[in-house]
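To start, the structure itself, in structure tokens.
The values are calculated or read from the model by the stated rules, or taken from the named source; none is laboratory data. Computed from a prediction, not measured in an experiment: that's the story for all the values here. In this analysis, Cβ positions are derived from the backbone assuming ideal geometry, glycine residues included, and neighbour counts consider all displayed protein chains. Surface areas here come from the heavy atoms of the whole protein model, side chains and all, with no ligands, DNA or RNA. Shrake-Rupley method; radii C 1.70, N 1.55, O 1.52, S 1.80 Å.
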Amino acid sequence: MEELVYTSERSGFMNLCLAQRKDGGVPFISSIQAVPTGDDLYSKMESNETFRLVARISYGVDEDGILSTDDDYERIWTSGKTPPNCNNVGVTPDFESPENDPPPSVLEEAIESVNVSSPIILTVDFPKSSSSSQSAYFVLYFTEVEDLFDQKNRTINIFIDSVLMSTITTTVLKCTVVTLFPVDVRGSTAKVTLAAANSSANLPPLISAMEVFTKVIATGGVAGSNGPSQFTFLSSILMICVSVLVNLL
């Protein structure tokens, strides 16, 4: 399955064309799902650009594999592996429509480091690319543990491949969403490190969910001269889930 997010300011139709990219590889497809979304979904994605989903992970969940969620856009969330230095914790979801509209069920759990000096390290595997680097789009979701007796907020430094990308402070009863783009990823993996900042009130880092995309770079191809399939879309962003049985790249 391939999931693509396409952003456009136009209305009407979009064309989807499957073109041969390997000698002897005949393109075909088994199903297509197109979902119109809100204008504020993934707001840093540029107009008329396509992004491919790499990972959409919910942390702190006991079950394995694909999760059953109440996602308004039918996005597929998978459970993330809890690192050995982390515990699964229950958190209080944000019901006030946080950025990108993650389902409340995803924001009810998180992983938290066992102590303030132990960072959370998460590895993201990227698909092979013919170029030396890829432009990645990271979205991280932080939902805080509710403690009626001690509602201190924690401050977390976010590193990607040892480079400090952002510093955030969490808030009780609110989902803190951080979007990092563009992130230059060189190689087949990226390491996301969450570390407690000095001002973190002696609280360890935590995270509820993460989404990662790569920007699709157009390399030319065969236009559908015989009339490609057309799909009506109603908003500025269109998400397409495509199930394919061959590697067209």
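Kindly list the number of the only condition in (1) within 20 Å of residue 44 (Cβ to Cβ); (2) not in a strand (DSSP E or B) that fails for residue 192.
Failed condition: (2).
I'm told residue 42 meets every condition in (1) touching a residue at least 60 places away in the same chain (Cβ under 8 Å); (2) open to solvent by 20 Å² or more (accessible area, probe 1.4 Å); (3) part of a loop (DSSP other than H, G, I, E, B); (4) of a type in the set (Ser, Thr, Tyr) except one. Can you identify the failing condition by its number?
Failing condition for residue 42: (2).
Looking at this structure, is residue 79 out of contact with any Leu (no Cβ under 7 Å at 6 or more places or on another chain) and free of Cβ contacts under 8 Å to residues at least 60 places away in the same chain?
In short, no.
Within the stretch 45-64, can you find the residues that are open to solvent by 40 Å² or more (accessible area, probe 1.4 Å), over 15 Å from residue 138 (Cα atoms) and within 17 Å of the chain's Cα centre (by Cα)?
49
Go through the stretch 184-195 and report how many residues are within 19 Å of residue 130 (Cα to Cα) and surrounded by 18 or more Cβ atoms within 10 Å (Cβ to Cβ).
Keep residues of the stretch 184-195 that are within 19 Å of residue 130 (Cα to Cα), which gives 184-190.
Add one more test, that the residue is surrounded by 18 or more Cβ atoms within 10 Å (Cβ to Cβ), and what stays is 185, 190.
Summing the residues that are within 19 Å of residue 130 (Cα to Cα) and surrounded by 18 or more Cβ atoms within 10 Å (Cβ to Cβ) in the stretch 184-195 gives 2.
Any residue that is farther than 17 Å from residue 59 by Cα, surrounded by 17 or more Cβ atoms within 10 Å (Cβ to Cβ) and among the small types (Gly, Ala, Ser) - is there at least one of those in the stretch 151-166?
So far as the stretch 151-166 goes, no, none of its residues is farther than 17 Å from residue 59 by Cα, surrounded by 17 or more Cβ atoms within 10 Å (Cβ to Cβ) and among the small types (Gly, Ala, Ser).
Given the condition without any contact (Cβ under 8 Å) to a residue 60 or more places away in the chain and surrounded by fewer than 16 Cβ atoms within 10 Å (Cβ to Cβ), answer yes or no: does some residue in the stretch 109-122 qualify?
For the stretch 109-122, residues without any contact (Cβ under 8 Å) to a residue 60 or more places away in the chain and surrounded by fewer than 16 Cβ atoms within 10 Å (Cβ to Cβ): absent.
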